Amino acid sequence: MRNSNQSEKRIIILTSDAGFGHRSASNAIKAALEELSKEKCQVDIINPLEDKRTPFFLRDSQEDYDRIVREMPKLYQLGYEATDDTVVVRSHVRHSQEI
């Protein structure tokens, strides 16, 4: 989608609907950006996990988020660490040093 006003900026906030804080934080950021920009930016909130092309186990993870955190904290920790940039970087550095 192209903006009719070329000076208008488009900001896309990627979020998920796992738990309650992600969507609330996204809405607060959107409101602040819109207030500060005085209509000079278009802010969209998108949940990529709702896309039908997203693997089913990721789409379904939103619904199971609270249960997983409560009942399987080690699994949650594994998922968190697998997506934390510093952990991924350390893993790649360690792997490259072994080669």
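Brief remarks on what is shown
- Lone unmet requirement of (1) exposed (fewer than 10 other Cβ atoms within 10 Å of the Cβ); (2) modelled with pLDDT under 90; (3) not in a loop (DSSP other than H, G, I, E, B) for residue 2: (3)
- Looking only at segment 40-69, and only at residues there that are of a type in the set (Val, Ile, Thr) and either free of Cβ contacts under 8 Å to residues at least 12 places away in the same chain or touching a helix residue (DSSP H, G or I) at 6+ places or on another chain (Cβ under 7 Å) (or both), the one that is farthest from residue 82 (Cα to Cα): 43
- Residue 78 being assigned to a helix (DSSP H, G or I), within 17 Å of residue 15 (Cβ to Cβ) and at pLDDT 80 or above: no
- Of everything listed in (1) of a type outside the set (Ser, Thr, Tyr); (2) loosely packed, with under 11 Cβ neighbours inside 10 Å; (3) farther than 30 Å from residue 9 by Cβ, the single unmet condition for residue 51 is (3).
- Segment 12-48, residues that are surrounded by 15 or more Cβ atoms within 10 Å (Cβ to Cβ), at pLDDT below 90 and of a type in the set (D, E, K, R): 23
The values are calculated or read from the model by the stated rules, or taken from the named source; none is laboratory data. Bear in mind that the values here come from a model prediction, so they are computed numbers and not experimental data. Here the Cβ is made from the backbone with ideal geometry for all residues, glycine too, and neighbour counts use every protein chain on show.
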